[in-house]
Each structure stands twice: as structure tokens, then as C-alpha cells.
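Read the structure below first, then the notes.
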Amino acid sequence: MFKLESLRSGYGRTEVLHGVDLVVPDDGVTTVLGHNGAGKTTLLKTVMGLLPARSGRITWDGEDITRLSAHQRVRRGLAWVPQGQQSFGTLTTRENLLVVAEAHPGGRGRLDEVLALFPALEELMERRAGLLSGGQRQQLSIARALLTGPRLLVLDEPSEGIQPSVVQEIEEKIVGLASRSGTQVLLAEQKVGFALNAADEYAVLATGRVVRAGRADEAAVDAAREALAV
Ligand SMILES: Nc1ncnc2c1ncn2[C@@H]1O[C@H](COP(=O)(O)OP(=O)(O)OP(=O)(O)O)[C@@H](O)[C@H]1O
Ligand SMILES: [Mg+2]
């Protein structure tokens, strides 16, 4: 179980997270919902160790990882898909995949299964990542993260700027990953529909705290919309 307790974080003199409590269960998809500026990216960066926690605790299977570097967290099985489909734009799709595959033990051995999950990438192998469409770049970004063989995949707004049909395809892959390979997924979203379709558990982030959380069942849609309206 991945757990955040009273987590505080921010930038310079500005505190953005004022004590976040969140439990990410061992399987399935957990979604953090929140408006623009609610602190979703700040939360995920603190989870990844890209931003230091000011106080509070992050534990994973009972181990306190609050003070570990991002690198150490990745070695323990965290993987990060940043907002905005970032990859190395001047490198080709193939080079982007190989850079990650070679930097992680077992990465090369995972290439075939990752490409089987995103077959669209096969035809784009020699194209520079900077020339890919938003949806293609998002798939490349997720594929890169999967090459590290993560136990917990952290995605920041994977549906942002992507057309609905591709969003649905990406959603299906994420749900499939969580159910078939047992990879835990933590994702941030603004779109309630996408977020709750894909999710098993949800939490609503507002004013730097989790204001509502629970199972992502039918009742959750109204509950989440109500919490977001505050
Ligand atoms: N590097 C930074 N320096 C200072 N303030 C920042 C920085 N990054 C974000 N902030 C501020 O922190 C707050 C939370 O931002 P954050 O990016 O976490 O929101 P978000 O929920 O991810 O929003 P979005 O849905 O637009 O991505 C905002 O008020 C933002 O202006
Ligand atoms: Mg964000």
C-alpha cells in the first residue's frame, strides 16, 4: 500500500499542499481529481521525489520513502508520466524507448511487450518524437515509463489535449495494465468522466487538501462533481 500522511509541499514561500492524506491500494487505478491549479501536479511531483515534502510522510509497504531521491524511488518501482506528453523531441521514437530501456535492468526485455500494448508506435519508430501527435506522444510517454517495469505508474493528466477516441483508447490501456499486470496506477485528472471511468478509487483535491475520497462507483460521479464545485 502506498500512503500519504499530512503531506505538505510547495514552492518557495508558497505552500500548495496543506496536509494531504491519501491511500493508494495495491491494485487498480486511483485518480486524483481537481481543477486547474488545485495542486495535482505538485502532489504527484512530491510523490515522485521531484519536489521535497515539507512535512508529513510517504510510505510504501510500510517503508518510509519521504526522504528518498527521485532516482531511488524509481529504483523501488515508481514510474512517472509527466503532464504534456514530454519526451526527447529531437530523438526518434526508437531512440526515446532505447534510452530508457538501456538505463533500467530488464528494460530491453520489456520492449516487445510494451510495443504489443502500443502497436501504433511500431510505425513511428524512425520519426522524431517532436513530430508525433499529442496522442502518439502520450503513448510514447507511457511506453517509456513501462520499460522501467514499475509497480506504481504515476500519470499526470494523460487525457489532456487529446481527442476523445484516443482518450478512450489510452483509458482502456491504463485499466488493462492495472488489472492484467497488477501494476498500481495513480493518475491526476480534471475530467470527471474519464477519471471515474478508469478509476477504482478517487480523491478530490481542493485548496491543498483531499476534500472527498472513496470508491469510484456510480454515486462517486455526483459526489465528485459536488466536491469540485466548492
Ligand atoms: N514551479 C512553481 N513555482 C511556483 N508556483 C508554482 C509552480 N508550479 C506550480 N505553482 C503553483 O502551485 C499551484 C498548484 O499548481 P499545480 O501545477 O500543482 O496545479 P494542477 O492541479 O496540476 O493544475 P493543472 O490542472 O492546470 O495542471 C498553482 O497555484 C500554481 O500556480
Ligand atoms: Mg497539473
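Readers should treat all values here as calculations from the given coordinates under stated rules, not as data from a laboratory. Note that the structure is a prediction, hence the values are computed from the model and not measured. Please note: Cβ atoms are built from the backbone with ideal geometry, for glycine as well, and neighbour counts cover all protein chains shown.
May I ask for the angle, rounded to the nearest 10°, between helix 164-176 and the longest principal axis of the chain, with both axes built from Cα atoms and the value confined to 0 to 90°?
Here the helix axis deviates by roughly 80 degrees.
Among DSSP bridges having both ends in the chain, what percentage is antiparallel? Round to the nearest 5.
Bridges in the chain are about 55 percent antiparallel.
Quick one: if you take sqrt(5λ) for each eigenvalue of the C-alpha gyration tensor of the chain, what semi-axes come out, biggest first, whole angstrom?
In descending order the semi-axes read 28, 20, 16 Å.
Assign unit charges at the C-beta atoms only (+1 for Lys and Arg, -1 for Asp and Glu), then state the dipole size of the chain relative to its Cα centre in Debye, rounded to the nearest 20.
880
Any idea what angle helix 218-229 forms with the longest principal axis of the chain, computed on alpha-carbon atoms, 0 to 90 degrees, nearest 10?
70
Pop a pseudo-label 7 angstrom from the Cα along the beta-carbon direction at both D61 and E160 and give the gap in nm to one decimal.
Label-label distance for D61 and E160, simple model: 3.1 nm.
Return the long-range amide H neighbours of I65 (sequence gap of 5 or more, or a different chain), with a cut-off of under 5 Å between placed amide H atoms.
Correct list: I58, T59, W60.
Please work out the Cα center distance from the range 193-208 to the range 40-65, rounded to the nearest Å.
First find each Cα centre; the distance between them is then 19 Å.
Give the distance, in whole Å, between the Cα centre of the range 155-184 and the Cα centre of the range 72-130.
16
What ranking, highest mean first, results for peptides 32-42, 1-11 when packing means the other Cβ atoms within 10 Å averaged over each residue?
Going by the mean number of other Cβ atoms within 10 Å, highest first, we get 32-42, 1-11.
Which residues' amide hydrogens lie under 5 Å from the amide hydrogen of L51, considering only partners 5 or more residues apart or on another chain, with H built in the peptide plane?
Residues meeting the amide H criterion: T46.
Which FRET efficiency value, to the nearest 0.05, is calculated for S69 and E122 with the Förster distance at 35 angstrom and r the Cβ-Cβ distance?
Computed FRET efficiency for S69 and E122: 0.55.
Which one of V114, G134, H104 is farthest out on the positive end of the charge dipole of the range 86-148, using unit charges on Cβ (Lys, Arg +1; Asp, Glu -1) and the Cα centre as origin?
Farthest towards the positive end: G134.
Going from the alpha-carbon gyration tensor of the range 86-148, what semi-axes, largest first and in whole Å, does one get by taking the root of 5 times each eigenvalue?
Value: 17, 12, 9 Å, ordered largest first.
With +1 assigned to the C-beta of every Lys and Arg and -1 to the C-beta of every Asp and Glu, and no other charges, what is the dipole magnitude of the range 42-162 about the Cα centre in debye, to the nearest 20?
440
Name the long-range amide H neighbours of V20: under 5 Å, sequence gap of 5 or more, or other chain; modelled H, no Pro or chain starts.
Amide H to amide H, under 5 Å and 5 or more residues apart or across chains, V20 pairs with S6, L7, R8.
Could you order the peptides 98-110, 176-188 from most to least packed, using the average number of other C-beta atoms within 10 Å per residue?
Packing order, densest peptide first, comes out as 176-188, 98-110.
Under 18 Å from a label point 7 Å along Cα→Cβ of R108: give me every residue in the range 145-169 with its amide N that close.
So the set is 147-149.
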